[in-house]
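These notes concern the structure reproduced below.
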Amino acid sequence: MPQLGQGILKGMGVTLGHLFGKKITRAYPEYKRDLPERSRGLLTVDMDRCIACLQCMRICPDHCISIEQEKRDADGSGKAKPYAVGFVIDDSRCMYCSLCVEVCPVNCIYHTEEFEAQAYNRLELARQFGERPVDPTVDPKPAVKKKKKPTGKKAPKTVERPRTGEDEVA
Amino acid sequence: MVWTVVEYLNYEPWRFLVSFAAVLFLVLNIAGIFTMAERKASAYIQLRYGPNRVGPRGLLQPAADVLKLFSKENLSPNRADLWIFLAAPIAMFIPAAAVWLVMPFAPGAVIVDLNIAILFFVAITSIGALGVIMAGYGSRSAFSLLGALRGAAQMISYEVPLILSLLGVIMLAGSLSLVDVVNAQSGGFWHWYFLPLLPMFVVFYVAGLAEVKRVPFDLPEGESEIVGGYMVEYSGMTWAMIQASEFAMMGLMAAMNVTLFLGGWQPPLDFLDLGAFNWIWFGLKTALLTFTFQWIRWSVPRLRMDQLMDLGWKILVPACLVWLFVVAGAMLVLQGS
Amino acid sequence: MLSEERRIESAALSGRAAGRLANPDVRDEFGLETLDMSMGPQHPAMHGLLRLILELDGETVVRCDTVMGYLHRSKEKISENRMYPAVIPITDRIDYMNNIAMEYGYVLAVEKLLDAEIPPRADAIRALMNEFGRIMSHIPSIGFLMLELGAFTPILYAFRERERIQNIFEAVTGARMMFHYIRIGGVKADLPEGIPEQMWNYIEGLEQRLQPDFVDLIEGNEIFIARTRGIGKMTQEKAVEMGLTGVPLRCTGAEFDVRKHYPYGWYKNLDFDVITDTEGDVEASYRVRIGEVKQSIRMIKQILEDLPEGEVMADLGRRIRPAEGDGIGRVESARGEYAVHVVSDGSDTPYRVHYRTPCTVNMQLLQEIVPGHYLPDIMPIMGLIDPVSGAWDK
Ligand code: SF4
Ligand code: SF4
């Protein structure tokens with residue numbers, strides 16, 4: 001016992017100080033913090049603007065957007081254009097990575113400030129936006145080019161092992 | 001009229017029934033209040049608010065807890081030794097309740113003025129160790145068993161410094177009765193025994209902490225390594241019983257500390273004497289001491305088994321013995337002259 | 001015929017242990033048996049899902065086998081089927097205490113493949129966020145160490161700091177935990193208005209709070225010293241031989257830090273020290289962590305003082321499709337050296353991605369140094385390694 005309890009007493013002083021200090025927790029459901037502008041909450045789609053380009057469906061790492069497409073003359077221009085009749089975002093799979101938001105060419109899919117999603121059934125978390133519901137349980141299979149792996153394709157040649165951090169060896 | 005009823009109640013068997021109900025009421029409430037106090041103190045230390053939903057400022061939380069625990073199913077492990085498993089919480093609870101029978105709350109307010117009250121206290125608290133062993137052995141789990149082994153080793157070895165530190169008080173008071181001990185400390189706080197017996201007070205405090213298994217001596221529970229130790233298999237009301245007995249035990253240790261070393265119900269200065277209401281002093285001192293228990297708990301980590309034993313046997317016991325001789329010598333010199 | 005589970009288990013056991021399993025009635029010369037205990041995978045102190053098969057002689061650990069893989073989420077295989085940018089959110093989930101470094105390593109590897117030129121402001125912001133990420137991981141690590149020693153309070157003080165950094169991160173990246181901020185070619189977006197000042201204020205406040213809440217409360221505490229001094233002690237040779245990196249290596253005195261010795265990004269321009277300690281025990285690891293937090297504060301101040309102006313994203317085109325070849329990104333994450341090896345076959349998705357997480361390697365230490373310690377000493381040793389379940393299982 002080199003210090004005879006000094007350290008413990010010092011620590012107890014710290015905790016005693018905090019006993020009367022300002023509390024930092026907040027009563028959550030009553031008190032809600034303002035979310036910053038960039039915060040990423042649940043997604044929503046503005047279906048009037050969606051041009052059914054399927055970019056969001058392709059990029060989504062979790063395959064949680066499913067779009068059912070149909071050629072339709074929606075804006076009365078006389079030309080039949082792709083139109084999203086069904087659009088589902090499965091919140092039970094979404095990881096709020098924002099990739100779909102970034103790729104959308106017309107900025108019609110975006111994050112809201114809503115973040116409290118809960119349901120008794122996973123399927124209830126799939127939110128439908130189109131006129132026709134889409135089955136969220138079917139993997140949309142984004143049209144990424146299929147690689148023929150691992151069916152014997154040789155690994156790409158790695159020319160030389162590039163060394164990171166070049167030459168400053170300790 | 002009222003006084004005749006009161007006097008009538010002073011005869012058996014009414015006296016027994018009333019005091020039994022009073023002690024039960026007291027112990028259960030102490031458990032509830034201390035749980036609440038613990039949660040609030042820990043929350044404030046940790047910059048939180050703690051329970052604040054049930055009732056004004058969350059004060060009814062213990063009641064809600066009890067209701068919840070009552071409605072919970074009482075699970076027991078498949079291969080548990082059911083008799084021992086279910087008897088263990090009772091074996092822990094009874095000693096925590098029984099010692100209150102000899103505690104002087106205020107002048108004249110003691111249920112039984114045993115002439116061997118201190119011996120009674122020592123004997124009864126030792127039963128608590130039995131409860132721990134029963135719980136650990138009965139639940140048939142490696143974690144419980146380890147917890148029970150630790151609990152047994154710890155509680156039995158800390159009984160030695162605990163008893164040795166009591167000897168100082170017994171020597172000074174010249175009696176084993178708690179009422180006599182409190183009466184001997186009358187007349188201002190400089191007459192309280194914690195001053196002449198400071199090392200013993202510290203030893204009793206530390207050993208008491210170990211006896212009630214609180215941080216830094218909560219090895220039998222050790223939630224980070226043996227996940228709750230002997231009580232890991234309990235649920236529902238049996239678990240509540242163990243918890244209640246732990247908190248009641250903590251209150252008991254604080255009250256014992258107050259009675260033996262801090263003057264019991266004696267007011268710190270003579271003019272503050274409240275007569276029959278001196279139990280307020282007793283309550284205040286006990287609450288303060290309990291708060292220090294909680295404060296320590298939320299400030300320090302836990303010791304290891306071997307370090308715990310080192311502290312008990314290599315520091316507390318010798319310190320006690322040395323001071324015992326000092327006290328004895330001083331008494332000889334002062335009384336001889 | 002052993003059942004599948006039993007077979008895996010006995011594969012996990014080794015030597016004497018496997019013999020014991022076949023013949024459980026082995027007793028020593030006094031006729032005493034050792035106690036087998038399975039700690040985890042559901043255990044409050046196992047930093048996630050780890051199972052330790054322990055053989056106890058009283059409270060002394062005779063054997064300790066680690067069984068990993070309870071949180072295996074197949075990150076490497078998933079990464080092979082995602083487009084290059086879409087792998088970044090997946091790397092976030094590897095080490096969920098220090099996500100930003102996980103993104104950084106992968107992005108560095110892909111950028112090496114692409115030979116991309118990164119704007120200096122993006123580089124500086126990356127380093128800034130990475131250092132915040134380190135503070136965000138180191139301070140709770142200290143809290144976890146104390147939690148495992150039985151003190152509950154420091155972890156809540158630690159999470160106060162973490163939450164405050166998370167508030168800053170939420171304003172910058174939009175998320176509180178899975179940031180997805182560092183992108184191939186730069187960062188997602190510039191720092192918003194007012195955030196550099198907020199960061200500066202926070203750092204100044206942290207400097208003041210660090211002393212009472214994490215040094216005064218912990219460092220001198222006799223019980224803390226008794227529980228950690230000399231526990232989990234290892235020599236420098238041993239640490240190097242086992243391939244440890246990060247704090248477990250540096251607390252033995254070996255000076256190795258990827259940021260210093262293989263500098264990447266903005267770290268070339270920063271002035272900082274590599275914190276080492278000579279003891280190589282749990283207490284030393286605590287000191288190293290505190291020292292590194294202080295160094296991170298120093299670095300953040302340097303970056304904030306002269307933050308270069310300009311773009312935050314290099315123009316790499318909409319589709320990222322590197323030529324055939326491979327690239328390695330090495331970063332110093334809060335737990336040690338984290339490296340990502342990306343092999344490209346010229347398509348949209350990587351051919352192979354390998355994550356070398358420090359936790360997987362550092363975890364091997366348990367088997368080596370735990371036997372001979374007491375059962376409660378396992379917890380501080382876990383605190384020394386400070387592994388994260390997501391990172392060792394990937
Ligand atoms: S946020 Fe990410 S996971 Fe969610 S729908 Fe968009 S791309 Fe998919
Ligand atoms: S990327 Fe935008 S426009 Fe295209 S389908 Fe998705 S939501 Fe519609």
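Read-outs throughout are calculated quantities, based only on the coordinates presented, and are distinct from any laboratory measurement. As the structure is a prediction and not an experimental result, all values here were calculated from the model. As a convention, Cβ positions derive from the backbone with ideal geometry for all residues, glycine included, and neighbour counts pool all protein chains shown.
Sorting the segments A:109-122, B:51-64, C:277-290 by their residues' average number of neighbouring beta-carbon atoms within 10 angstrom, most packed first, yields C:277-290, B:51-64, A:109-122. What you get for the protein assembly as shown, charging only the Cβ of Lys and Arg (+1) and of Asp and Glu (-1), is a dipole of about 1740 debye around the Cα centre. A dipole drawn for segment B:1-160 from +1 and -1 charges on Cβ atoms has a positive end, and of B:S157, B:A31, B:N52 the residue lying farthest that way is B:N52. With Cα atoms defining each centre, segment C:111-134 and segment A:31-99 are spaced 30 Å apart in the structure.
Neighbouring Cβ atoms from other chains, within 10 Å of the Cβ of residues in B:223-235, number 4 on average. When each of the peptides C:312-323, C:183-194, C:82-93 is scored by how many other beta carbons lie within 10 Å of its residues on average, the order from highest to lowest is C:82-93, C:183-194, C:312-323. Peptide A:93-101 shows a mean partner chain C-beta count of 4 within 10 Å per residue C-beta. First select every other residue whose beta carbon is under 15 angstrom from the beta carbon of A:M12; then total the charges, Lys and Arg +1, Asp and Glu -1. Here the count lands on -1.
Let me confirm one metric for peptide C:153-163, namely the mean number of other chain beta-carbon atoms within 10 Å of its residues' beta-carbons. Write out the running numbers ahead of the final one.
On the way: counts 13, 6, 1, 10, 7, 0, 3, 5, 0, 0, 2.
Mean shielding count: 4.
Charging the Cβ of each Asp and Glu at -1 and of each Lys and Arg at +1, and nothing else, the dipole of segment C:333-379 about its Cα centre rounds to 20 debye.
Given a cut-off of 29 Å, name the pairs among C:K77/C:K260; C:K233/C:K260; A:K23/C:K268; C:K75/C:K268; A:K10/B:K285; C:K77/C:K233 whose C-alpha atoms lie farther apart than that in the structure shown.
Working: C:K77/C:K260 32 Å; C:K233/C:K260 26 Å; A:K23/C:K268 41 Å; C:K75/C:K268 31 Å; A:K10/B:K285 24 Å; C:K77/C:K233 37 Å.
Long pairs (Cα-Cα over 29 Å): C:K77/C:K260; A:K23/C:K268; C:K75/C:K268; C:K77/C:K233.
The stretch between C:E368 and C:I225, if pulled fully straight at 0.36 nm per residue, gains 49.2 nm over its current Cα-Cα span.
Computed from point charges on the beta carbon alone (+1 for Lys and Arg, -1 for Asp and Glu), the dipole magnitude for segment B:76-336 about its Cα centre is near 300 Debye. Summing +1 for each Lys or Arg and -1 for each Asp or Glu among the other residues whose beta-carbon sits under 14 angstrom from that of A:N107 gives -2.
Ranked from highest to lowest mean number of other Cβ atoms within 10 Å per residue, what is the order of the peptides B:149-160, B:207-218?
On the way: B:149-160: 20.4, B:207-218: 24.2.
My ranking of the peptides, most packed first, is B:207-218, B:149-160.
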